Amino acid sequence: MIQVAEPPLPPGLDPTFAFGRIQETIAIVIIAVLMTVAAVKILGPLARAWARKIEGKAADPELRAEIDQLRDQLAETDGLRIRVQELEERVEFAERMLSQKRDQDLLQRGGEL
């Protein structure tokens, strides 16, 4: 019987090489999955808190009460502003009337003070 030497296997078909590549690929996939889970666990609550803040639902009740109080004061101030405008008009009217009265008195006296 003639013994013929087996030809060497190509590098891609080496069983130990292929097994090493499979382990490396599995390790990479496991690491990627674990990193994704960790990112979701860590960033998920942060994203929800940020969304609540944007929507305005995360406001402290004390801050809400203070905002309501400031709005009430602003509404009251608007009413006072209108009242001050009315008083200014009345003062201007009274000044005009006094001025006209003074002018009439001066005309009656002949322009002497």
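The values are calculated or read from the model by the stated rules, or taken from the named source; none is laboratory data. On a predicted model such as this, the values are computed, not experimentally measured, just so you know.
Quick notes on this structure:
- Within region 31-68, tally of residues that are of a type in the set (D, E, K, R) and not in a helix (DSSP H, G or I): 2
- Among the residues making up region 21-40, none is modelled with pLDDT of 90 or more and among the basic types (K, R).
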